[in-house]
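Novice: Can you read through this structure? Questions will come right after.
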Amino acid sequence: MIDINLKGMGVAMITPFKENESVDYDTLAKLTDYQLQNGTDYLVVLGTTAETPTLTEEEKDNILRLIVTKVRGRIPVVVGVGGNCTRSTVEKLKHGGFEGVDAILSVTPYYNKPSQEGLYQHYKAVSEATRLPVILYNVPGRTGVNMTAETTLRIARECRNVIAIKEASGNITQMDDIIKNKPANFNVISGDDGITFPLITLGAIGVISVIGNAFPREFSRMVRLALAGDYDSARTIHHSFTELFDLLFVDGNPAGVKSMLNAMGYIENKLRLPLVPTRITTFEKIRNVLRQLSIRC
């Protein structure tokens, strides 16, 4: 099993599209360089923020290979592999190409709303299907089911290569329960930029970030300061982003961060249906906040 350090800020990479909605691989390469040059600790590829459900298998393979080739082992690469059919997920893990990949991020099964026992059995099968480290991903607002602290801890204790959870339940009490009772070799990662600072003060090791697509240097600095115990300095940076945290998600993810990157001149403001760009009013609010932050747009 590959050893991987997930402490700090991982970035959930977007997928840039051209005006005709084809994948803009040249821009993706530039965005990868932007992350490498600005302090990002690891990259998360083909997650929610990448609009993965709208990508073909060929596009997914091309995106992963491009990023792995660009990174060249300088920072870890985590790839999303999950679904609501356990058998299909297991087959992908057994037979997919994972050269240059350091860990798997696997979302709880969505839509079919499994029981807690079903969630445990699903992740047990996922764990047994790969030698790579596995990061659980709990995001009930998208999947329709919350994985409880009890189930998370059961998986953490019984599945040797499950090393962390990306927690996006929004339930601080649940996250604190996991942090308090977890095994020493298991960690909690924030799945929500807006609560990363307070969650680190409770014992989380960092974040898998959306806003880091646009502000890798600034947000990774906030995370490092918080992890070092410099809460006053970290809090100042956290508060400077408070308005953007809200604007990022008011029209859905990744619409918010894509409009932000568009305003900053990095990408076309294109998504694939059923996702659409932010409303004009949201876009203008984002531009105004960027101006206040002295970011050229």
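Novice: Which whole-Hz couplings ³J(HN,Hα) result when phi for each residue of the stretch 94-108 is put into the Karplus expression 6.51 cos²θ - 1.76 cosθ + 1.60, θ = phi - 60°, listed in order with x for Gly and Pro?
Specialist: Along the stretch 94-108, the couplings run 6, 10, x, x, 10, 4, x, 9, 9, 6, 10, 10, 10, 6, 4 Hz.
Novice: Taking the stretch 38-71, which trypsin sites (Lys or Arg not before Pro) meet the DSSP loop condition and have no more than 13 other C-beta atoms within 10 Å?
Specialist: Of the trypsin sites (Lys or Arg not before Pro), not one in the loops of the stretch 38-71 has a Cβ with at most 13 other Cβ atoms within 10 Å.
Novice: While we're on this one: GNM, the chain, Cα, under 10 Å: largest mean-square fluctuation among Asp193, Asp26, Asp177?
Specialist: Asp26
Novice: Taking the stretch 18-55, which GluC sites (Glu not before Pro) meet the DSSP loop condition and have no more than 15 other C-beta atoms within 10 Å?
Specialist: Glu19, Glu21
Novice: Let me ask something else. For the chain, state the average projected area of the convex hull of the C-alpha atoms over all orientations, rounded to one decimal in nm².
Specialist: Its Cα hull, projected and averaged over all orientations, spans 14.0 nm².
Novice: Where is the GNM fluctuation largest for the chain (alpha-carbon springs, 10 angstrom cutoff): Glu117, Glu167, Glu268?
Specialist: It is Glu117.
Novice: Still on this structure: Which of Lys70/Lys258; Lys60/Lys113; Lys60/Lys94; Lys92/Lys124; Lys60/Lys166; Lys18/Lys60 have a Cα-Cα distance over 24 Å?
Specialist: The answer is Lys60/Lys113.
Novice: So for the stretch 8-238, averaging the separation of alpha carbon pairs under 8 Å that are six or more residues apart and normalising by length, what relative contact order in percent results? Display every interim value, and only then the final one.
Specialist: Working: 425 pairs, mean separation 45.4, N = 231.
Computed over the stretch 8-238, the figure is 20 percent.
Novice: Oh, and also: For the chain, give the magnitude of the charge dipole about the Cα centre (Cβ charges: +1 Lys/Arg, -1 Asp/Glu; no others), in debye to the nearest 20.
Specialist: 240 debye
Novice: Taking every DSSP beta bridge that has both residues in the chain, what percent is antiparallel when rounded to the nearest 5? Before the final figure, lay out the partial values.
Specialist: Details: 1 of 28 bridges.
Taking every DSSP beta bridge with both residues in the chain, the antiparallel ones total about 5 percent.
Novice: With each run of n ≥ 4 DSSP H residues scored as -39500 (n - 2.57), what mean residue ellipticity at 222 nm is computed for the chain after dividing by its residue count and rounding to the nearest 500 deg cm²/dmol?
Specialist: On the way: 13 runs with 134 residues, N = 297.
Mean residue ellipticity at 222 nm (helix-derived): -13500 deg cm²/dmol.
Novice: While we're on this one: Using the Karplus curve 6.51 cos²θ - 1.76 cosθ + 1.60 with θ = phi - 60°, what ³J(HN,Hα) values do you get for each residue of the stretch 248-265, in whole Hz, with x for Gly and Pro?
Specialist: Values per residue, Gly and Pro as x: 4, 10, 4, 10, x, 10, x, 4, x, 5, 5, 5, 5, 5, 5, 5, 8, x Hz.
Novice: Here's something else I'd like to know. Have a look at Asn62, Asn112, Asn138 and tell me which one the Gaussian network model of the chain (Cα, springs below 10 Å) gives the largest fluctuation.
Specialist: Asn112
Novice: Ranking Phe197, Phe215 by Cβ neighbours within 10 Å, fewest first, what do you get? Walk me through the numbers on the way to the answer.
Specialist: Values: Phe197 22, Phe215 25.
Listing Phe197, Phe215 from fewest to most nearby Cβ atoms yields Phe197, Phe215.
Rule-based calculations on the coordinates, nothing more; no lab input. The structure displayed is predicted, hence computed values, not measured ones. Virtual Cβ from ideal backbone geometry, glycine too; neighbours counted across all protein chains shown.
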